[in-house]
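As structure tokens, the structure follows; a few thoughts come after it.
The values are calculated or read from the model by the stated rules, or taken from the named source; none is laboratory data. None of these values were measured; they are calculated from a predicted model. Neighbour counts are summed over all protein chains in view; Cβ atoms, including those assigned to glycine, are modelled from backbone coordinates with ideal geometry.
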Amino acid sequence: MIRITELRLPIDHAPDELEKAILKRLLLSAQDLIEFTVFKRSHDARKNTALSLIYTIDLSVKNEEQVLKRFAHDQHVRPAPDTSYHYVAKAPEKLSTRPIVIGFGPCGIFAALILAQMGFKPIVLERGKQVRERTQDTWGLWRKKILNPESNVQFGEGGAGTFSDGKLYSQIKDPKFYGRKVIQEFVKAGAPPEIVYVAKPHIGTFRLVGMVEKMRQEIIDLGGEIRFEQRVTGFDIQNGSIQGVELAGGEKLAASHVVLALGHSARDTFQALHQAGVYIEPKPFSVGFRIEHPQSLIDRARLGPHAGNPIIGAADYKLVHHAKNGRAVYSFCMCPGGTVVAATSEENRVVTNGMSQYSRNERNANAGIVVNVDPKDYGGSASNPLAGIDFQRKLESHAFELGGRSYEAPGQLVGDFIAGRPSKEFGSVIPSYKPGVHLTDLASALPSYAIEAMREALPAFEKQIKGFSMHDAVLTGVETRTSSPIRITRGSNFQSLNVKGLYPAGEGAGYAGGILSAGVDGIKVAEALALDYLEQI
């Protein structure tokens, strides 16, 4: 196979123009080309340039060695790497014990799926409900202000990623192309085929629901078992090795290999692990607010005359500002044409997050605007590794008070926030958060150093996106679940530093941030578990 990179065509090119461009680029005739596929497609939408698509193409041709030799000095014509997935192990016919996967978010799904595809018949324990029941419970908070602590945005089949933008891009290093395995499995489960090659793929919440169900069924068809509403409350650890887990109902399950695919909000499970003596350390994370602008403003600022082009879609952004007080302020989980959602998993607390559908056609753009916090800010230490949870809870409880104690979120117009005065009425931007937004003064919603840094950053962001600090833009608080406040530290063998057979994985363990990276980590952990299992036979 040959790979061509940086192949540019006008954005409105006819379908047959791509093949013609390939033949022209390689100086070939049509009969020399056997087949080709699009590996990646991005676009160049700079304001002062002609709108174009940029392709990376993988192709087979006759006399491939001669073609590669002819273009030996061309950096954009190279042998295509092998991006296919290769299983590292095959389970024995008889399993002495079955591996357990705790959690069925993106990481848990892929850990269980890969284990099932290799024949290990995993048992999955998910504290929440199946995805459709969970969706109804989640809407119960959004529409009726009724929270189910075990079935919500954070807990249930699909994990927190189900109620998100469904973004499938990441900056992780991926030399083995595990990310492509993740995306291909999503397509097999019903995701739009173009996510395989578009530069910034996304799926959207509604499509994720059906996909998760199909992936669950494949695991079951391969001999796996998915058990919902099964909260793990204890860990049986003997002589430094995991022996099994205990469920809230008292049932005990024996296992020599357990994957901890916890979400970043599994606070009671973190406590159970700490009490069992599993090594945990505090880690940095970020806190802040959600900000909403008209999507049309972001489109004009980012795309200029190309705003509204259906091939490009709604524009996104990524911003960072280093404040004078030493804090980094940055945009997080930007959701074009989306909504701000209620994401708490605990009663009498308010947490915000962002979500988009596949169409990304809602009126507002939203993103987290967050500030970094370190263990020293919240008293985290080796002796107190869970201090970040207490820090988050304090902010979330205060947000509940500021919002009127009804799960409405506290909000403030950007202009008023910068000026340091309470907001009394909305302007041109109507917030999307349900159950609703209660206007107030957000100055007390975060530590003073975070408020100071954000007041400096918002006008600075105006230099990159005209209108970003517009008076009527809305801030909604609080965003506290940006990432896990702990790391369940593991070694090079992917096992806990002090508990053999225990595999911390994904966001909750501090090893991923988003759907794609969590899925990739699930694959890595499944492979490590399978190889260790075979060594123990």
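Which residue is farthest from P294 (Cα to Cα), if the candidates are limited to the range 449-460 and must be surrounded by fewer than 20 Cβ atoms within 10 Å (Cβ to Cβ) and in contact (Cβ under 8 Å) with a residue 24 or more places away in the chain?
Initially, the range 449-460 is screened for residues surrounded by fewer than 20 Cβ atoms within 10 Å (Cβ to Cβ), giving 449, 451-452, 455-456, 459-460.
The next check asks that each one be in contact (Cβ under 8 Å) with a residue 24 or more places away in the chain; those that pass are 449, 452, 455-456, 459-460.
Details: Y449: 28, E452: 25, R455: 20, E456: 22, P459: 17, A460: 19 Å.
Step by step, filter the range 449-460, then rank; the result is Y449.
Across the range 32-74, which residue is nearest to A315 (Cα to Cα) among those that are more than 33 Å from the chain's Cα centre (by Cα) and either assigned to a loop (DSSP other than H, G, I, E, B) or outside the structural domain of P10 (by TED's automatic domain parsing) (or both)?
Just the residues of the range 32-74 that are more than 33 Å from the chain's Cα centre (by Cα), to begin with: 32-35, 60-74.
So of that shortlist, the ones also either assigned to a loop (DSSP other than H, G, I, E, B) or outside the structural domain of P10 (by TED's automatic domain parsing) (or both) come out as 62-63, 71-74.
On the way: K62: 41, N63: 43, F71: 37, A72: 38, H73: 37, D74: 33 Å.
In this case the residue turns out to be D74.
Please indicate, with yes or no, whether at least one residue in the range 34-43 is among the hydrophobic types (A, V, I, L, M, F, W, C), without any contact (Cβ under 8 Å) to a residue 60 or more places away in the chain and touching a strand residue (DSSP E or B) at 6+ places or on another chain (Cβ under 6 Å). Show your work before the answer.
Looking only at the range 34-43, we keep the residues that are among the hydrophobic types (A, V, I, L, M, F, W, C), and these are 34, 36, 38-39.
Adding the requirement that they be without any contact (Cβ under 8 Å) to a residue 60 or more places away in the chain leaves 34, 36.
Right, trim to touching a strand residue (DSSP E or B) at 6+ places or on another chain (Cβ under 6 Å) and you get 34, 36.
Yes - at least one qualifying residue is present in the range 34-43.
Being under 30 Å from G140 (Cα atoms), buried (at least 20 other Cβ atoms within 10 Å of the Cβ) and touching a strand residue (DSSP E or B) at 6+ places or on another chain (Cβ under 9 Å) narrows it down to one of Y378, Y433, so name that one.
Working: Y378 fails: under 30 Å from G140 (Cα atoms).
So the residue among Y378, Y433 that is under 30 Å from G140 (Cα atoms), buried (at least 20 other Cβ atoms within 10 Å of the Cβ) and touching a strand residue (DSSP E or B) at 6+ places or on another chain (Cβ under 9 Å) is Y433.
Is it fair to say F468 is assigned to a loop (DSSP other than H, G, I, E, B), touching an Asp or Glu at 6+ places or on another chain (Cβ under 6 Å) and either at pLDDT 95 or above or within 27 Å of L95 (Cα to Cα) (or both)? Can you show your working first?
On the way: assigned to a loop (DSSP other than H, G, I, E, B): yes; touching an Asp or Glu at 6+ places or on another chain (Cβ under 6 Å): yes; either at pLDDT 95 or above or within 27 Å of L95 (Cα to Cα) (or both): yes.
Against the criterion (assigned to a loop (DSSP other than H, G, I, E, B), touching an Asp or Glu at 6+ places or on another chain (Cβ under 6 Å) and either at pLDDT 95 or above or within 27 Å of L95 (Cα to Cα) (or both)), F468 qualifies.
Identify the residue in the range 154-183 that is part of a loop (DSSP other than H, G, I, E, B) and of a type in the set (D, E, K, R) and, among all such residues, is modelled with the lowest pLDDT. If you could, list the steps in order and put the result at the bottom.
As a first pass, look at the range 154-183 and keep what is part of a loop (DSSP other than H, G, I, E, B): 154-159, 164-166, 168-177.
The next check asks that each one be of a type in the set (D, E, K, R); those that pass are 157, 165, 173-174, 176.
Working: E157: 95, D165: 65, K173: 89, D174: 92, K176: 95.
The residue in question is D165.
Do we find a residue being in contact with a strand residue (DSSP E or B) (Cβ under 9 Å, 6 or more places away or on another chain) and at pLDDT below 95 anywhere in the range 206-216?
First pass over the range 206-216, keeping only residues in contact with a strand residue (DSSP E or B) (Cβ under 9 Å, 6 or more places away or on another chain): 216.
Okay, now just the ones that are also at pLDDT below 95, so none.
No, that holds for no residue.
List every residue pair whose Cβ atoms lie under 7 Å apart, where the two residues are 6 or more positions apart in sequence or sit on different chains, the first residue falls within the range 512-524 and is assigned by TED's automatic domain parsing to the domain that holds G108, and the second residue, located anywhere, is hydroxyl-bearing (S, T, Y) and assigned to a loop (DSSP other than H, G, I, E, B).
G513/S483; G514/S170; L516/Y169; L516/S170; S517/S170; D521/Y511
Which one of T440, T476 is in contact with an Asp or Glu (Cβ under 8 Å, 6 or more places away or on another chain), closer than 18 Å to R290 by Cα and modelled with pLDDT of 95 or more?
Every option except T476 fails the conditions.
Can you find, within the range 379-408, the residue that is nearest to P431 (Cα to Cα) among those that are of a type in the set (A, V, I, L, M) and touching a Leu at 6+ places or on another chain (Cβ under 8 Å)?
The extreme case among them is L402.
Check whether at least one residue in the range 93-101 is surrounded by fewer than 18 Cβ atoms within 10 Å (Cβ to Cβ), aliphatic (A, V, I, L, M) and either modelled with pLDDT under 95 or in a loop (DSSP other than H, G, I, E, B) (or both), and report yes or no. Can you show your working first?
Our first condition is that a residue be surrounded by fewer than 18 Cβ atoms within 10 Å (Cβ to Cβ); within the range 93-101, this holds for 93-97.
With the extra rule that they be aliphatic (A, V, I, L, M), the set shrinks to 95.
With the extra rule that they be either modelled with pLDDT under 95 or in a loop (DSSP other than H, G, I, E, B) (or both), the set shrinks to 95.
Yes, some residue in the range 93-101 is surrounded by fewer than 18 Cβ atoms within 10 Å (Cβ to Cβ), aliphatic (A, V, I, L, M) and either modelled with pLDDT under 95 or in a loop (DSSP other than H, G, I, E, B) (or both).
Tell me the residue from N372, N366 that is closer than 18 Å to G510 by Cα and under 24 Å from the mean Cα position of the chain (by Cα), please. Lay out the reasoning, then the answer.
Values: N366 fails: closer than 18 Å to G510 by Cα.
N372 is the lone residue from the list that is closer than 18 Å to G510 by Cα and under 24 Å from the mean Cα position of the chain (by Cα).
Which residues, counting only those in the range 124-153, are within 18 Å of T352 (Cβ to Cβ), in contact (Cβ under 8 Å) with a residue 24 or more places away in the chain and either assigned to a helix (DSSP H, G or I) or more than 19 Å from the chain's Cα centre (by Cα) (or both)?
T138, L141, W142, R143, K145, L147, P149
Got a sec? Which of D221, D236 is in contact with a strand residue (DSSP E or B) (Cβ under 7 Å, 6 or more places away or on another chain), over 30 Å from V370 (Cα atoms) and surrounded by fewer than 22 Cβ atoms within 10 Å (Cβ to Cβ)?
Testing whether each residue is in contact with a strand residue (DSSP E or B) (Cβ under 7 Å, 6 or more places away or on another chain), over 30 Å from V370 (Cα atoms) and surrounded by fewer than 22 Cβ atoms within 10 Å (Cβ to Cβ) leaves just D236.
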